[in-house]
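Taking it in order: structure first as structure tokens, then the write-up.
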Amino acid sequence: MAKKTVFLTGSSGTMGWAGFKELYAKKDQYDIVVLNRGSQKNKDKFKAYENDPSVKLVWGDLTNYEDVLKCVTGSDYVLHVGGMVSPAADYYPVKTQKTNVTAAQNIVNAVKAQPNKDDIKVVYIGTVAETGDRNAPIHWGRTGDPLKVSVYDHYAISKIKAEAVFAESGLKHWVSLRQSGILYPAILKNLEPIMYHVPINGMLEWATVEDSGRLLANICGDDIPEEFWRRFYNIGSGEEYRITNYEFEDLLLGTLGLGSPKKLFDPHWFTTRNFHGQWYYDGDELEKYCHFRANIPVKEYFKSMMDKVEGYYKLAFLAKPFAPILKKLWMKKIAETPEYGTLWWAANKVDVRMKAYYGSMEEYEKLPRSWDDFEIVIPSKKTTADDVKVLDHGYDETKPFDSLTLEDLQKAAEFRGGKCLATEIVDMYTPVKWVSARGNEFEMSPNLVLKGGHWCPAELPWPWKYDEEARINPFFAQVWDREGEDNVYGPEIFDNFKEKVTE
């Protein structure tokens, strides 16, 4: 059989590199085109492939249409993994918006310029950050749940906008895969202030880097059925990888031999809200099609990561007896990092940060300073457990999706506080008119609204007036239980960015 050509973006990054290696292992089946910025680091990384006929190296930029067109032309698949990600995305929100949304538009336009556009299959990698924090008891998530970008998370906003570009493109074969946190060896070395932005009782269904790479390669296989396309999926490595953030810290520090998180942190260093994460009620759906999971027990996987980092990390256990000193001189100092550390916010009474991540300065002061007074919550990790609560999507989900009627769309719109203004349905992928509770009219496909969880793009993210949104939108109210908390932020919310947000 003729080889397929796969255009892979972001191949120098964590997930993209894993995908590249998986595809390269099957180079008898695939020719690979990669587009990377021409940095010396990237050129060194791909130097071994310069003269390989199965690899085409293109040095350019995703925001340059001609560079993208060069790579899309002749490709059978486009695996779009690349873009700006955190922490750089947190510091440069304007650049992040431009990069991630423009790249999506360039890819769609380049595919549409091909004579065989209906045959080209486009895979977009979204993010779990699109749905924000989902702490218990609403910690079980599905695609189609409300989008709820955490305050300050301009990366997630850019990913939502880019996802909509693909979903509304009119392309016959596209899919959006929302990536979770990726486990990879270098994560053992990531000690930045963002580690404290995570609620200790929050949760995430992680995906290993190897599973993520296999996913990218397997999605190019001949066994993927037509029904797979034009849908949204959550990426996760399964039940074993559903862990709370406390369990993650325990596994991480245990792997390094440093002992319990209780020895190195105080509970109030961690935020109580406004990050992102959930366990996936529908996580097995993607596995059903792509068969990418290795199903390695999570404890075993953490131990295997230690074998892949620099040797001196294996000596970290020698510091265990000095945990109190490490806590004071190292871990606490990270939490005190100017502008981004949680203890720095508290000491300097940065009200907008304290409001976003704790509710208020007053709520922060009430937090336990001792682990003896802190309740660690670890719910059941099985989708069949008694505490499983899935959200209502506002329409009859037992019906075949393509059989939904105008009445079904009207009911779904009413549940979102708005109305469906359509008089007919062409299909679930053709935009129809809607109006939001705020009176804003917009066009969007039923697929993006009902299966993607999107709503009025002019109100993304309202801008973080979530308390008000919950009062007028019952669908959104399911993920917002902080009645009386007026999350309205003025220009001061952007004071700590390295570049100012202009829109």
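The values are calculated or read from the model by the stated rules, or taken from the named source; none is laboratory data. What you see is a predicted model, and the numbers here were worked out from it, not measured in a lab. Cβ coordinates were reconstructed from backbone atoms using ideal geometry, including for glycine residues, and neighbour counts include every protein chain displayed. These accessible areas exclude ligands, DNA and RNA; they are computed on the full protein's heavy atoms, side chains included. Shrake-Rupley method; radii C 1.70, N 1.55, O 1.52, S 1.80 Å.
Per-residue HN-Hα couplings for the range 97-104, Karplus 6.51 cos²θ - 1.76 cosθ + 1.60 at θ = phi - 60°, whole Hz, x for Gly and Pro?
So the J values, rounded to whole Hz, are 4, 4, 5, 6, 7, 4, 4, 4.
For Leu183, which sequence-distant residues (separation of 5 or more, or a different chain) have an amide H within less than 5 Å of its own amide H, given hydrogens modelled in the peptide plane?
Ala207, Thr208, Val209
When the dipole is taken about the Cα centre of the range 354-438, and only Lys, Arg (+1) and Asp, Glu (-1) are charged at their Cβ, what size is it in debye, to the nearest 20?
300
If you take the charge dipole of the chain about its Cα centre, with +1 on Lys and Arg Cβ and -1 on Asp and Glu Cβ, which of Val175, Pro463, Asn100 is farthest toward its positive end?
Final value for the positive-end residue is Asn100.
For labels at Glu424 and Arg438 in the simple 7 Å Cα→Cβ model, what's the distance in nm?
3.3
From the phi angles alone, apply the Karplus equation (6.51, -1.76, 1.60; θ = phi - 60°) to the range 174-190 and give each ³J(HN,Hα) in whole Hz, x where the residue is Gly or Pro.
Listing the rounded values in order: 9, 8, 10, 10, 8, 6, 8, x, 9, 8, 8, x, 5, 5, 5, 9, 7 Hz.
Taking 30 Å as R0, compute the FRET efficiency from the Cβ-Cβ separation of Val377 and Phe401 and round it to 0.05.
Numbers: r = 35 Å, r/R0 = 1.17.
The computed FRET efficiency comes out at 0.30.
Of (1) 22, 57, 21, 0; (2) 25, 58, 17, 0; (3) 20, 47, 29, 4, 0, which one was derived for P(r) over Cα pairs in 20 Å bins from 0, in percent from the structure shown?
Derived directly from the coordinates: (1).
Treating only the Cβ of Lys, Arg, Asp and Glu as charged (+1, +1, -1, -1), what charge dipole size does the chain show about its Cα centre? Round to the nearest 20 debye.
Computed charge dipole of the chain: roughly 1660 debye.
I'd like the FRET efficiency for Asn116 and Lys45, computed as 1/(1 + (r/R0)^6) with the beta carbon distance as r and R0 of 35 Å, rounded to 0.05.
Calculated transfer efficiency: 0.65.
Taking a point 7 angstrom from the Cα of Ala294 along the C-beta vector, which residues in the range 3-47 have backbone N less than 17 Å away?
In the range 3-47, the label zone of Ala294 (backbone N under 17 Å from the point 7 Å along Cα→Cβ) covers 14-26.
Can you tell me how the range 388-465 classifies by the Cα gyration tensor, rounded, prolate or oblate, using a/c under 1.5 as the rounded cut?
Oblate shape, in that a/c is at least 1.5 and b/c is the bigger or equal ratio.
I need to check one value: relative contact order of the chain, counting alpha carbon pairs closer than 8 Å and at least 6 residues apart, in percent.
15
Amide H to amide H, which residues 5 or more places from Asp31 or on other chains are under 5 Å from it, using H placed in the peptide plane?
Lys4, Thr5, Val6
In whole Hz, what ³J(HN,Hα) sequence does the range 151-164 give by Karplus (6.51, -1.76, 1.60; θ = phi - 60°), x for Gly and Pro?
These are the phi-based 3J(HN,Hα) values: 4, 5, 8, 6, 4, 5, 4, 5, 6, 5, 4, 5, 4, 5 Hz.
Treating the beta-carbon of each Lys and Arg as +1 and of each Asp and Glu as -1, no other charges, what is the dipole magnitude of the range 136-223 about its Cα centre, to the nearest 20 debye?
That gives the range 136-223 a dipole magnitude of about 200 debye.
Using the Cβ atoms and a cut-off under 14 Å, what net charge is assigned to the surroundings of Glu336, where Lys and Arg are +1 and Asp and Glu are -1?
Net charge in that neighbourhood comes out at +2.
Select from Tyr152, Ile120, Asn135 the residue farthest towards the positive end of the dipole of the range 92-186; place +1 on Cβ of Lys and Arg, -1 on Cβ of Asp and Glu, and compute about the Cα centre.
Checking the options against the dipole of the range 92-186, the answer is Ile120.
Accessible surface of Cys420 in the full protein assembly, 1.4 angstrom probe, to the nearest 10 Å²?
Surface open to solvent at Cys420 totals about 10 Å².
With each run of n ≥ 4 DSSP H residues scored as -39500 (n - 2.57), what mean residue ellipticity at 222 nm is computed for the chain after dividing by its residue count and rounding to the nearest 500 deg cm²/dmol?
-8000 deg cm²/dmol
Let me make sure I get this right: for the range 222-315, a, b and c are the square roots of the gyration tensor eigenvalues over alpha carbons, sorted descending. Under 1.5 in a/c it's rounded, otherwise prolate if a/b > b/c, else oblate. Which is it?
Judged from the Cα gyration tensor, the range 222-315 comes out oblate (a/c at least 1.5, b/c at or above a/b).
Once the dipole of the chain is set up with Lys and Arg at +1 and Asp and Glu at -1 on Cβ about the Cα centre, which of Trp229, Val309, Ile32 lies farthest towards its positive end?
It is Val309, whose Cα lies furthest towards the positive end.
Provide the percentage of antiparallel DSSP beta bridges, counting only those with both residues in the chain; round to the nearest 5. List each step's numbers first, then the result.
Details: 9 of 42 bridges.
Antiparallel: roughly 20 percent of the beta bridges in the chain.
If I stretch the segment between Glu468 and Asn218 completely, what's the gain in nm (0.36 nm per residue apart, minus their alpha carbon distance), one decimal?
85.7 nm
From the square roots a ≥ b ≥ c of the eigenvalues of the alpha-carbon gyration tensor of the range 277-364, which class results: rounded (a/c under 1.5), prolate (a/b over b/c), or oblate?
oblate
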